[in-house]
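Student: Handing you this structure, nothing more for now.
The values are calculated or read from the model by the stated rules, or taken from the named source; none is laboratory data. Here the structure is a predicted model, which is why all the values come from computation and not from measurement. Cβ sites come from the backbone with ideal geometry, for glycine too, and all protein chains shown count toward neighbours.
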Amino acid sequence: MRKPRPFSEKAFKIGIPRSFFYYIYPGLWETFFREIGIEPVVSRPSSRKTLELAAFITEAEHCLPNKLFDGHLAEIVDKVDMVFVPRLLSSLKGHISCPKLSTLPDAALAEVARERDVLCVDINENVRPLSKTLLELGRKLSIGKRTVRSAIENAMRAMKDREAELDQRNKAKTKGKRFLIVGHPYTMHDAFFSESILRKLESLNVNIELMSFANNDVPESFIRWCTSNKMYHKLTTISKGEYAGVIQISSFNCGCDSMMIEIFRNILKEKSIPYMVIILDEHTAQAGTDTRLEAFVDSLEWQDDSSSVS
Amino acid sequence: MTHLVFPNLGNYTIALASDLSCLGLEAWVSTATSPEAMKLGIEAAPESACLPFKAHLGLFIEAANAGVEYALMVNSIGACRLRYYRYLLEKILKDLGLKIHLFSLGYDGVKPPFIRYFDPDLLPFVKSTVLAFRKIKVIDIIELKTWRTRPLEISPGNTSRVMYECLHELNVSKTSKETMALSRAIPARFSAIPVDKGRNPLKIGLIGEVSVLRDKFLNHNVENILGSLGVEVRNFFLLGAEIRNIFHIELGNKNTRKYLAKLARPYLKYGGGGHALESVAHTIRCAHEGYDGMVHLCPAGCMPEISVRPILRRVSLDMDIPVLQCSFDEHTSSGGVTTRLEAFVDVLLERRKKKSGSEKVQKEA
């Protein structure tokens, strides 16, 4: 990989694809780059246009988030001096990321970001904490250590603030029984995936709560994938009294979910908590998803009615 | 006699099966998943599980229905879904009410639970393991001869017949002595097949995911199809090298992980789990060695292999070696696979003609 040219006096722009690592570390990257004096350019929020752009260039059997990543990358790659694509090997100590995340920069350099400057750093919480990774990132850009340290402090704070903001926004609006929405952060927090599902549920007067990913103090289990284990931990600790049901937002060809769905189904069956999975791909029609959500919510109401009658 | 089933690894199943006698077990295996087993696996498995999972499950259900008591599969510490196979297989088999005890082997200490359970005596165990390794070597010899001879044979089917005869004899040989005697006899058997030495077969490397590379049912017998199209293939999943890499043995291993990682580094810094790194490294190596093309085989949705597809395309362009990318699932038809391979071979033959044509022009100029 070519060594990136050092940051110069002129306004240097760095492109950040709004995908994967952007959602796993919310608020971190834009703040860090801005603090060290590089203008971050985050790609536009995912939309049909992103998908259309991706359709020409992406791998047909990728999961939808990976296709969108290619679309985001293609959108910004010619508008900036350099694109940022880290190699995400682990975002949670003791765990490993989905293998696709570890090949992102190499795949990007092979096709979409061919012959462009790609800034890459290995994020591996098993080997070094995030702060050290950011130090390395600053070193690669030849930024002074003092500037980098201050930028790290501000960026970590910004990330904590953003996570708290997300948790506040995503928690249930009212007390009492609610539905839990789970999914990887890069599907669940990407409005392109989740917006229509959440709006539909709200229109059905369902009290929803999106699962939080802020807590890294998660006990290790036999599940080694970072985000999957956080979901597993959440589902093993909830009870029927708190949650009327669990809805998982997933993507077609998500390898992690294909195995995890069965495991989650088993856990929730034992707790008698109704569970539904919505699998999205680029062909998913709104009407189909709406129908399934209506049916799920209705069936739970009938269950409640019949149990209260008897 | 107590039976044990383990997932088939193509012809290598023969070698692995012989290692069970010291444990008091007889192998209930085959060298290819059966269509019935596949059907059972597809019915019982989660819809989006990968193809090898469905094949494993189908095989275990078929075995359990036939009264087999024990099943064995590998442990994995990698990033792909293989790690969760055992958990899910056990759960599904239990839900179906099947009484088959599933063991897994690998990365679990010097005396793994599986070995401890059957507690073999040391000497027979060592002898059995040595025999298994010898058989792996003989399988490699048989396969290499098959790959070289099949594109040159005059009567189609002769090579396959000799191959199956040799494999059958290997299967029934019970001692190292018999195995070595067979190994010495193999070259003569293949030399006896009438061939046309004037042909200049294309050379294609097969790379990708383990199960699909080796299981002739899952890959619709790719090696045979290519061989009968006049192609000399090389299958780059070699069990000997694989086992050596797991145990970090570099002696006698041309394809160490270190070497392959070094080869692939300009294009792929870290292996993405599974055999993604090997796929890239072997493509680069084959380009250097003058192969005409590569065929990349993987199950549909296979996380590591799909994620390196863009990288393989880049290697293909940079090093001028065509790479055909095939993915397999339960709906893949043999006709479709054959058509794609035929088209690919045609393209490679055209390229060769063009290249030699342009060389001739250059020479004359």
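Student: If A:A74 satisfies all but one of (1) outside any helix (DSSP H, G or I); (2) more than 8 Å from chain B (Cβ to nearest Cβ); (3) surrounded by fewer than 24 Cβ atoms within 10 Å (Cβ to Cβ), what's the number of the condition it fails?
Tutor: (1)
Student: Can you tell me which of B:I193, B:I204, B:I186 is at pLDDT 95 or above, closer than 27 Å to B:E289 by Cβ and in a helix (DSSP H, G or I)?
Tutor: Details: B:I193 fails: in a helix (DSSP H, G or I); B:I204 fails: in a helix (DSSP H, G or I).
Matching residue, one of B:I193, B:I204, B:I186: B:I186.
The rows are residues; the columns are (1) within 14 Å of chain A (Cβ to nearest Cβ); (2) crowded, with 18+ Cβ neighbours inside 10 Å; (3) at pLDDT 95 or above.
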residue	(1), (2), (3)
B:I225	no, yes, yes
B:E232	no, yes, yes
B:I243	no, no, no
B:G271	yes, yes, no
B:D318	yes, no, yes
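Student: Turning to a different aspect of this structure: Name the residue that is farthest from the other protein chains (Cβ to nearest Cβ), counting only residues in the stretch B:284-302 that are small (G, A, S) and more than 17 Å from B:R351 (Cα to Cα). Walk me through it before giving the result.
Tutor: Filtering the stretch B:284-302 down to residues small (G, A, S) leaves B:287, B:290, B:293, B:300-301.
Still in the list and also more than 17 Å from B:R351 (Cα to Cα): B:300-301.
Values: B:A300: 6, B:G301: 5 Å.
The extreme case among them is B:A300.
Student: Same structure again: Please go through the stretch B:315-325 and pick out each residue that is in contact with a Leu (Cβ under 9 Å, 6 or more places away or on another chain) and over 17 Å from B:E278 (Cβ atoms).
Tutor: Once the filter is applied, which keeps residues that are in contact with a Leu (Cβ under 9 Å, 6 or more places away or on another chain) and over 17 Å from B:E278 (Cβ atoms), the stretch B:315-325 yields B:P322, B:L324.
Student: While we're on this one: Is there a residue in the stretch A:230-237 that is more than 18 Å from A:D167 (Cα to Cα) and within 14 Å of chain B (Cβ to nearest Cβ)?
Tutor: The answer is yes, given that some residue of the stretch A:230-237 is more than 18 Å from A:D167 (Cα to Cα) and within 14 Å of chain B (Cβ to nearest Cβ).
Student: Another one. Would you check which residues across the stretch B:245-269 are surrounded by 21 or more Cβ atoms within 10 Å (Cβ to Cβ) and part of a loop (DSSP other than H, G, I, E, B) and list them? Before the answer, list the steps.
Tutor: Initially, the stretch B:245-269 is screened for residues surrounded by 21 or more Cβ atoms within 10 Å (Cβ to Cβ), giving B:260, B:264, B:267-268.
If the condition is that a residue be surrounded by 21 or more Cβ atoms within 10 Å (Cβ to Cβ) and part of a loop (DSSP other than H, G, I, E, B), then B:Y267, B:L268 are the ones that fit.
Student: What pairs can you find where one residue is in the stretch B:67-80 and within 14 Å of another protein chain (Cβ to nearest Cβ) and modelled with pLDDT under 95, the other is in a strand (DSSP E or B) and surrounded by fewer than 21 Cβ atoms within 10 Å (Cβ to Cβ), and their Cβ atoms are less than 6 Å apart, with a gap of 6+ or different chains?
Tutor: If the second residue must be in a strand (DSSP E or B) and surrounded by fewer than 21 Cβ atoms within 10 Å (Cβ to Cβ), the pairs left are B:N75/B:S104.
Student: Please list, ordered by first then second residue, the pairs with beta carbon atoms under 8 Å, 6 or more apart or interchain, first in the stretch B:82-103 and over 13 Å from A:I263 (Cβ atoms), second part of a loop (DSSP other than H, G, I, E, B).
Tutor: B:L82/B:S76; B:L82/B:G274; B:L93/B:I100; B:K99/B:E69; B:I100/B:V68; B:I100/B:E69; B:H101/B:E69
Student: Pick from the stretch A:77-125 the residues that are touching a residue at least 60 places away in the same chain (Cβ under 8 Å) and among the polar types (S, T, N, Q): which of them is surrounded by the fewest Cβ atoms within 10 Å (Cβ to Cβ)?
Tutor: Result: A:S90.
Student: If you take the residues of the stretch A:238-264 that are within 14 Å of A:L180 (Cα to Cα) and not in a strand (DSSP E or B), which of them is nearest to the other protein chains (Cβ to nearest Cβ)?
Tutor: Result: A:F264.
Student: Also: Are any residues in the stretch A:43-71 of a type in the set (V, I, T) and either more than 14 Å from every other protein chain (Cβ to nearest Cβ) or within 12 Å of A:F192 (Cβ to Cβ) (or both), and if so, which ones? Show your work before the answer.
Tutor: Start the filter on the stretch A:43-71 by keeping residues that are of a type in the set (V, I, T), which leaves A:50, A:57-58.
Residue satisfying the conditions is A:T50 alone.
Student: Restricting the stretch B:303-312 to residues that are facing chain A (nearest Cβ under 7 Å) and not aliphatic (A, V, I, L, M), which is nearest to B:I204 (Cα to Cα)? Walk me through it before giving the result.
Tutor: Kept after step one, since they are facing chain A (nearest Cβ under 7 Å), are these residues of the stretch B:303-312: B:303-304, B:306-311.
With the extra rule that they be not aliphatic (A, V, I, L, M), the set shrinks to B:304, B:307, B:309-310.
Values: B:P304: 22, B:S307: 22, B:R309: 18, B:P310: 20 Å.
The selected residue is B:R309.
Student: Looking at the stretch B:38-53, is at least one residue surrounded by 23 or more Cβ atoms within 10 Å (Cβ to Cβ), in contact (Cβ under 8 Å) with a residue 24 or more places away in the chain and away from chain A (no Cβ under 14 Å)?
Tutor: Checked against the condition, which is being surrounded by 23 or more Cβ atoms within 10 Å (Cβ to Cβ), in contact (Cβ under 8 Å) with a residue 24 or more places away in the chain and away from chain A (no Cβ under 14 Å), the stretch B:38-53 yields no hits at all.
Student: For the stretch B:270-327, which fully contained helices (runs of 4 or more DSSP H) count at least 3 residues that are under 14 Å from A:E61 (Cβ atoms) and in contact (Cβ under 8 Å) with a residue 60 or more places away in the chain? Talk me through it step by step, then tell me what you get.
Tutor: Working: elements: B:276-288, B:303-307, B:309-318.
Filter on the stretch B:270-327 gives B:303-307.
Student: Can you tell me how many residues within the stretch A:187-222 are more than 15 Å from A:R169 (Cβ to Cβ), surrounded by 19 or more Cβ atoms within 10 Å (Cβ to Cβ) and touching a Ser or Thr at 6+ places or on another chain (Cβ under 9 Å)?
Tutor: Number of matching residues: 3.
Student: Filter the stretch A:88-103 for residues that are under 24 Å from A:E59 (Cβ atoms) and more than 8 Å from chain B (Cβ to nearest Cβ) and give the result.
Tutor: So in the stretch A:88-103, the residues under 24 Å from A:E59 (Cβ atoms) come out as A:88-91, A:96-103.
Selection gives A:L88, A:S90, A:S91, A:L101.
Student: With respect to the numbered conditions (1) touching a residue at least 24 places away in the same chain (Cβ under 8 Å); (2) away from chain B (no Cβ under 14 Å); (3) closer than 30 Å to B:S307 by Cβ, which one is the sole condition not fulfilled by A:T284?
Tutor: All conditions pass for A:T284, except number (1).
Student: Related question: Kindly indicate the residue of the stretch A:256-289 that is of a type in the set (D, E) and within 23 Å of the chain's Cα centre (by Cα) and also surrounded by the fewest Cβ atoms within 10 Å (Cβ to Cβ) among those meeting that condition. Outline the logic, then answer.
Tutor: Our first condition is that a residue be of a type in the set (D, E); within the stretch A:256-289, this holds for A:257, A:262, A:270, A:281-282.
Now drop any that are not within 23 Å of the chain's Cα centre (by Cα), which leaves A:257, A:262, A:281-282.
On the way: A:D257: 27, A:E262: 18, A:D281: 11, A:E282: 14.
If we take residues in the stretch A:256-289 being of a type in the set (D, E) and within 23 Å of the chain's Cα centre (by Cα), then A:D281 is surrounded by the fewest Cβ atoms within 10 Å (Cβ to Cβ).
Student: On the given criteria, is A:S239 out of contact with any helix residue (DSSP H, G or I) (no Cβ under 7 Å at 6 or more places or on another chain), without any contact (Cβ under 8 Å) to a residue 40 or more places away in the chain, among the small types (G, A, S) and exposed (fewer than 12 other Cβ atoms within 10 Å of the Cβ)?
Tutor: Values: out of contact with any helix residue (DSSP H, G or I) (no Cβ under 7 Å at 6 or more places or on another chain): yes; without any contact (Cβ under 8 Å) to a residue 40 or more places away in the chain: yes; among the small types (G, A, S): yes; exposed (fewer than 12 other Cβ atoms within 10 Å of the Cβ): yes.
Here the answer is yes, as A:S239 does meet what is asked.
Student: Starting from the stretch A:203-224, take each residue that is within 14 Å of chain B (Cβ to nearest Cβ) and farther than 19 Å from A:E165 by Cα and list its partners that are of a type in the set (A, V, I, L, M, F, W, C) and not in a loop (DSSP other than H, G, I, E, B), counting only C-beta distances under 8 angstrom and pairs at least six apart or across chains.
Tutor: Final answer for the pair search is A:I223/A:M260; A:I223/A:I263; A:R224/A:I96.
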